[in-house]
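Here, each number is a calculation from the coordinates, and none is a lab measurement. Just so we're clear, the structure is a prediction, and the values are computed from it rather than from any experiment. All Cβ positions, even for glycine, are placed from backbone atoms using ideal geometry, and neighbour counts span all protein chains on display.
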Amino acid sequence: GNVLVRRGPDGRAQLVLLDHGLYETLSERDRLALCGLWRAIVLRDREAMRERAAELGVQDYFLFSEMLMQRPLSRRSHLLGPQGAHLGAPEGHLGTPEGHLGTPEG
């Protein structure tokens, strides 16, 4: 996608993601839920993914998260770290030593 940096209403830099179909300002509630969902995906926190997706009115959080990532969540290539290294997620998060999230069922 394309990225635009502009001066925000408060005078600070504002990052704008340009993507066809997303030319609408998000409500603060939806913006925070979407930020939380992206964070949950990166941290591989399935429960937070479920909660943030529900805040956006999405029932199938796993499919929605895969759509956002534009790839299966079981792939290692989107993980941070060398060779998709395990991030050492805190207890309750779903990363595995192999770096796979698995399926919604477990």
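Looking at the stretch 1-38, which of its residues are within 19 Å of Met69 (Cβ to Cβ), in contact (Cβ under 8 Å) with a residue 12 or more places away in the chain and assigned to a helix (DSSP H, G or I)? Hits for the stretch 1-38 are Asp30, Ala33, Leu34, Gly36, Leu37, Trp38.
May I ask you to verify whether Glu47 is charged (D, E, K, R) and over 13 Å from the mean Cα position of the chain (by Cα)? Criteria not met by Glu47.
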